[in-house]
1. Among the listed residues Phe74, Phe52, which satisfies the condition of being in contact with a His (Cβ under 8 Å, 6 or more places away or on another chain) and within 30 Å of Arg200 (Cα to Cα)?
2. If only one of Ala55, Ala37 is over 21 Å from Glu150 (Cβ atoms) and assigned by TED's automatic domain parsing to the domain that holds Val161, which one is it?
3. State whether the residues of the range 184-204 include one that is out of contact with any helix residue (DSSP H, G or I) (no Cβ under 7 Å at 6 or more places or on another chain), assigned by TED's automatic domain parsing to the domain that holds Arg336, among the small types (Gly, Ala, Ser) and within 15 Å of the ligand (Cβ to nearest atom).
4. Which ones in the range 175-214 are within 23 Å of Met285 (Cα to Cα), assigned to a helix (DSSP H, G or I) and of a type outside the set (A, V, I, L, M, F, W, C)?
5. Being within 13 Å of the ligand (Cβ to nearest atom), touching a Leu at 6+ places or on another chain (Cβ under 6 Å) and not assigned by TED's automatic domain parsing to the domain that holds Leu179 is true for just one of Leu63, Leu73. Which residue is that?
6. Is it the case, given these coordinates, that Phe52 is within 23 Å of Ser317 (Cα to Cα) and touching a Ser or Thr at 6+ places or on another chain (Cβ under 8 Å)?
7. Would it be correct to say that Leu229 is surrounded by fewer than 17 Cβ atoms within 10 Å (Cβ to Cβ) and under 30 Å from Thr338 (Cα atoms)?
8. Suppose the filter is without any contact (Cβ under 8 Å) to a residue 12 or more places away in the chain and either in the same structural domain as Gly40 (by TED's automatic domain parsing) or over 17 Å from the mean Cα position of the chain (by Cα) (or both); does His110 pass it?
Amino acid sequence: MLHKRCGPGTEAYKRAAEQIGDDSRSVGECRYIVWVAVHGLGNRIVSLVSTFLYALLTERVLLVDQRTDMKYLFCEPFPGTSWLLPVDFPLMGQLDSSRCYGTMLKTDDHDKMFFCERDQNLIRQVPWLVSNSNQYFVPSLWLIPSFQTELIKLFPRKDTVFHHLGRYLLHPTNQVWGLITRFYNAYLSRADETLGVQVRVFSNPAGYLEHVMNQILSCTQREKLLPELTTLESQVTNKSTSPKLKAVLVTSLYPEYSEKLRTMYWESPSSTGDMVQVYQPSQEMFQQTDEKLHDQKALAEMYLLTLTDNLVTSGLSTFGYVAQSLGGLKAWILYRPTNHTTPDPPCVKSVSMEPCFHRPPPINACQAKTVNSTRFVRRCEEWTMGLKQV
Ligand code: GDP
C-alpha cells in the first residue's frame, strides 16, 4: 500500500524527487530507501532482504537501482507498482559510498553507528537513504530496542526472518524459473534422496584443491550424508535390501569436485548398495557478476540447492546462506580451511537457517548491552566475529 501511494509514477514520488537538495528540511509524506547492488549475487540478496526489513520497520519505500541485472533475475514483488528506481532519479550518479553515514560522521567503522538507537532517531528524519551494503545486517536491527516490539510481532520465530522475507520478496523471472524446473525435473525429481553440496573456494589461487575435496568427503561420510565406498567383495555381504537412488547436486565455479565424486561412486561400490548420481548444472570458472546469463544461472543454482533434502555449504559464503535460508534448511557448514589443510572437524551443523552477519558493530559499541541480553542473537558457527539469529 505504501508503495502504491509513494512509488515511482505517483505525485508523491515526483514531489519527493524534486525536493532532493532543497534546504527546506521538510520531510514529505513519503520516505525512501534506495538499494544499491554490492558484490556477488548472494551478497546482493542478503543485503536486499535486510534493507527490505529495515524499510518495513521504518515505513520507507524500497527502491532498487536497476542499472544492474536485477530485473532479469526477479519479478516485481509489489502488485500494481514498481520497485525499480526510475533511471532519471536526480542522484543516479551519486549512489556510491562516498557520502556514507560513516564518512559523514568520521570514517569507516562509524558506519556502524547506524545501529544505535540515538542515530536512528536522526536518520528517521532523512527522506532519502541509500543502502550500500553487502551484508545480512538483520541481527543488528534486532538489537535496536525501538525495533524489537515490532520485530517480535512480525517474527514469532526469530530463526525464520530471511526465510519469510526472502520468499515474500524474491520471485525468479520466467527465464530463471525455466532453468530451475528443467534441471529439477531432468535430474533430481526421481531420486529417493537428494543432497546439495555448495563448494565456494575463497583462497587465492582458487580452483580445485585436494584438501577441500577431502573436506567434502570427510564431512559427507562422517555425517552419513553419503555412503562410504567399499571393495567389490565386502559389498556382497553388506548390501541393503532396498537400495536407494541418491542424487547429489554440486554447485561450484569449478568442474573437478563433482567429477571426482562421480568417478568415485562409479569406480567403487557404495557400502550400502545405494546408487549415487552426481550432477553439476554449470562450471563458470570465475565470477562474472552482471553478466545476465551468469547471474541467472547463479540464482537458479541457489534455488536448486533449496530443493534438496540435505545441504552442505561453504562457510562464510552468502551464496550458501541464501540456499539454506530460502530452503528452510539447516546446512552442514564446511569450515574455512587455513594453511591449505583440511579442517578437523570438517564441518558443523548450522544451529539455525538464518544467514550470518559477518561484520556487526564491535562489542563495546552502543549495542553492547542488548547483545548480551538478547538470547536469540548468537555468534556464528564458522565465524565467531559474526552474529546470527537462532
Ligand atoms: P559469496 O562470495 O560466496 O559470498 O557469494 P556471492 O554470490 O556474493 O558471490 C559469488 C559469485 O560467484 C556468485 O554470485 C556467482 O556469480 C559466482 N559463483 C560462485 N559460486 C558459484 C556456483 O556454484 N555456481 C554459479 N553459477 N556461480 C557461482
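1. Within the list Phe74, Phe52, the selection yields Phe74.
2. Ala37
3. Scanning the range 184-204 turns up at least one residue that is out of contact with any helix residue (DSSP H, G or I) (no Cβ under 7 Å at 6 or more places or on another chain), assigned by TED's automatic domain parsing to the domain that holds Arg336, among the small types (Gly, Ala, Ser) and within 15 Å of the ligand (Cβ to nearest atom).
4. Scanning the range 175-214 gives Gln175, Gly178, Arg182, Tyr184, Tyr187, Glu210, His211, Asn214.
5. It is Leu73.
6. So Phe52 fails the test.
7. Judged against the criteria, Leu229 is a match.
8. Spelling it out, His110 is indeed without any contact (Cβ under 8 Å) to a residue 12 or more places away in the chain and either in the same structural domain as Gly40 (by TED's automatic domain parsing) or over 17 Å from the mean Cα position of the chain (by Cα) (or both).
The values are calculated or read from the model by the stated rules, or taken from the named source; none is laboratory data. Here the structure is a predicted model, which is why all the values come from computation and not from measurement. A quick note on method: Cβ atoms are made from the backbone with ideal geometry, for glycine too, and the neighbour counts reach across all protein chains shown.
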